[in-house]
Amino acid sequence: MNIAIISGSHGLIGSECVSFLADKMDLIIGIDNDQRAYFFGKEASTEWNKSVLENKYQNYKAYNFDIRDYSNLEKIFNEYGKDVKLVIHTAAQPSHDWAAKEPITDFTINANGTLNFLELSRLFCPSAIFIFTSTNKVYGDLPNYLPLVELEKRWEISESHPYFKNGIDENMSIDNSKHSLFGASKVAADVMVQEYGKYFDMKTAIFRGGCLTGPQHSGAQLHGFLSYLMKCAITGNEYTVFGYKGKQVRDNIHSWDLVNMFWHFYKSPKSGGQVYNAGGGRFSNCSMMEAIELCEEITGKKMNYKYADNNRIGDHIWYISDLSKFKEHYPQWNHQYSLEVTLSQIFENMKQRV
Ligand SMILES: NC(=O)c1ccc[n+]([C@@H]2O[C@H](COP(=O)([O-])OP(=O)(O)OC[C@H]3O[C@@H](n4cnc5c(N)ncnc54)[C@H](O)[C@@H]3O)[C@@H](O)[C@H]2O)c1
């Protein structure tokens, strides 16, 4: 039997994994306790997605377990053992601002929770491919010290810099910068996933996400950039732009494109705890101002937003992921979803949820 275990299976990336794998695996085990509602309030709950997945896929089985609870997770790994061929760990406290509210909750979910999955995989299914969703926040605020230039609607990196062509690659240091507590707990997890690859020779891979996005996101002010922006564009609720003149640039990758990266790795895994930057890259990115304009175009309405001078602590001014390493390892893979298509999908889905 081929079984996949997906943590955070009702969130954006986890649920995309379930849909993507439903016709490729015999059984998909999901683990999600709707912790997102605890972090960001009821409006960010992912419970709606649980029923969607359960109704759609006969081979999907959900467990309402907390990833901090080792003994409950052990029951699952013990039951399915070596039939587990793939573990995708996406559950997390995902917001850098929220982490400062409850550092221990953040760390025990992001760092200890990841260690639970690694150790259980090592004990019960050591040959399984192990995929971890890390973040560009592991680079802390180092990207803010790149030579940036101000354009009319966005910040951009100087054309003479090597990152201009493709963006920031995996060689940027993760050391000695301001990460936010979230960035620090993800660094701990990221390095641990690398270590299980290098020390125990397991097939682990780390995907350091830029902005991950898609119609299944349950956007909230503190997490889910485009999803929350579109939600405000539809409802007319006030959106706050934090600092950098609204010209901060993010690259945005559709959840399907990211999960397709996971799939390519699964089909032909590399050893040694591989690290890949994963985002929209030069193909799909926007500044805050450009994103607002796009939302206005799609909804046909002016957005209700205000500007606050203070940027979020450690927030990136300009971040574009360089995907060259992944593309070199997997030349068949490419982005499928442009920013415009992704935002239109978010619009269609969000209309029915607000
Ligand atoms: N969305 C982004 O822009 C982004 C960017 C970079 C990295 N990431 C990383 O990608 C991963 C997935 O992000 P997402 O946007 O799909 O997040 P999400 O919040 O949509 O999904 C995560 C899911 O995990 C669940 N969860 C959280 N803590 C849990 C716990 N203790 N026990 C059980 N379930 C728990 C939540 O209820 C939620 O359904 C995360 O690890 C995040 O840090 C996300």
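Some points to look at:
- Residues satisfying the stated conditions in the range 77-101, i.e. within 12 Å of the ligand (Cβ to nearest atom) and at pLDDT 95 or above: Ile88, His89, Thr90, Ala91, Ala92, Gln93, Pro94, Ser95, Trp98, Ala99
Yes/no per residue for (1) aromatic (Phe, Trp, Tyr); (2) assigned to a helix (DSSP H, G or I); (3) at pLDDT below 95; (4) under 18 Å from the mean Cα position of the chain (by Cα):
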residue: Val18; (1), (2), (3), (4): no, yes, no, yes
residue: Asp23; (1), (2), (3), (4): no, no, no, no
residue: Gly30; (1), (2), (3), (4): no, no, no, yes
residue: Arg36; (1), (2), (3), (4): no, yes, no, yes
residue: Glu54; (1), (2), (3), (4): no, yes, no, no
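- Filter pass, Ser344 being without any contact (Cβ under 8 Å) to a residue 60 or more places away in the chain and either open to solvent by 10 Å² or more (accessible area, probe 1.4 Å) or farther than 30 Å from Pro147 by Cα (or both): yes
- Residue within the range 3-25 that is under 27 Å from Gly279 (Cα atoms), open to solvent by less than 50 Å² (accessible area, probe 1.4 Å), in contact with a Cys (Cβ under 8 Å, 6 or more places away or on another chain) and of a type in the set (A, V, I, L, M) present: yes
- Selection status of Glu156, among the acidic types (Asp, Glu) and more than 16 Å from the ligand (Cβ to nearest atom): yes
- Complete set of residues in the range 325-336 that are over 23 Å from Ser227 (Cα atoms) and open to solvent by 90 Å² or more (accessible area, probe 1.4 Å): Glu328, Pro331, Gln332
- Of all residues in the range 320-332, those that are assigned to a loop (DSSP other than H, G, I, E, B) and either under 20 Å from Tyr145 (Cα atoms) or in contact (Cβ under 8 Å) with a residue 60 or more places away in the chain (or both) total 5.
- In the range 119-153, residue nearest to the ligand (Cβ to nearest atom) [restricted to those that are part of a loop (DSSP other than H, G, I, E, B) and closer than 30 Å to Tyr266 by Cα]: Gly140
- Residue among Ile28, Ile67 that is more than 14 Å from the ligand (Cβ to nearest atom), touching a strand residue (DSSP E or B) at 6+ places or on another chain (Cβ under 6 Å), open to solvent by less than 20 Å² (accessible area, probe 1.4 Å) and at negative phi: Ile28
- Evaluating Ser160 against the criteria (1) touching a residue at least 24 places away in the same chain (Cβ under 8 Å); (2) small (Gly, Ala, Ser); (3) farther than 18 Å from Lys247 by Cβ leaves one unmet condition, (1).
- Among residues of the range 187-200, those that are in a helix (DSSP H, G or I), under 14 Å from Gly272 (Cβ atoms) and in contact with a helix residue (DSSP H, G or I) (Cβ under 7 Å, 6 or more places away or on another chain), counted: 2
- The helices (runs of 4 or more DSSP H) located wholly in the range 201-319 that include 1 or more residues which are closer than 30 Å to Glu119 by Cα and open to solvent by less than 40 Å² (accessible area, probe 1.4 Å) occupy 255-267.
- Any hit, the range 177-185, residues being of a type outside the set (Phe, Trp, Tyr), open to solvent by less than 10 Å² (accessible area, probe 1.4 Å) and under 18 Å from the mean Cα position of the chain (by Cα): yes
- You will find that of Ile168, Ile157, the residue that is modelled with pLDDT of 95 or more, open to solvent by less than 40 Å² (accessible area, probe 1.4 Å) and more than 27 Å from Ile131 (Cα to Cα) is Ile157 and no other.
- Asp322 being open to solvent by less than 30 Å² (accessible area, probe 1.4 Å), in contact with a strand residue (DSSP E or B) (Cβ under 9 Å, 6 or more places away or on another chain) and charged (D, E, K, R): yes
- Subset of the range 253-283 [more than 15 Å from the chain's Cα centre (by Cα) and of a type outside the set (A, V, I, L, M, F, W, C)]: His264, Tyr266, Lys267, Ser268, Pro269, Lys270, Ser271, Gly272, Gly273, Gln274, Arg282
- So Ile6, is it within 13 Å of the ligand (Cβ to nearest atom), in a strand (DSSP E or B) and either in contact with a Pro (Cβ under 6 Å, 6 or more places away or on another chain) or of a type outside the set (Phe, Trp, Tyr) (or both): yes
- The range 201-213 - residue that is near the ligand (Cβ under 9 Å from one of its atoms) and not basic (Lys, Arg) and, of those, nearest to His264 (Cα to Cα): Phe207
The values are calculated or read from the model by the stated rules, or taken from the named source; none is laboratory data. Everything numeric in this text was worked out from a predicted model, so none of it was measured. Because the Cβ atoms are built from the backbone with ideal geometry, glycine has one as well, and the counts that use them run over all protein chains shown. Heads up: the accessible areas ignore ligands, DNA and RNA and are worked out on the full protein's heavy atoms, side chains in. Shrake-Rupley method; radii C 1.70, N 1.55, O 1.52, S 1.80 Å.
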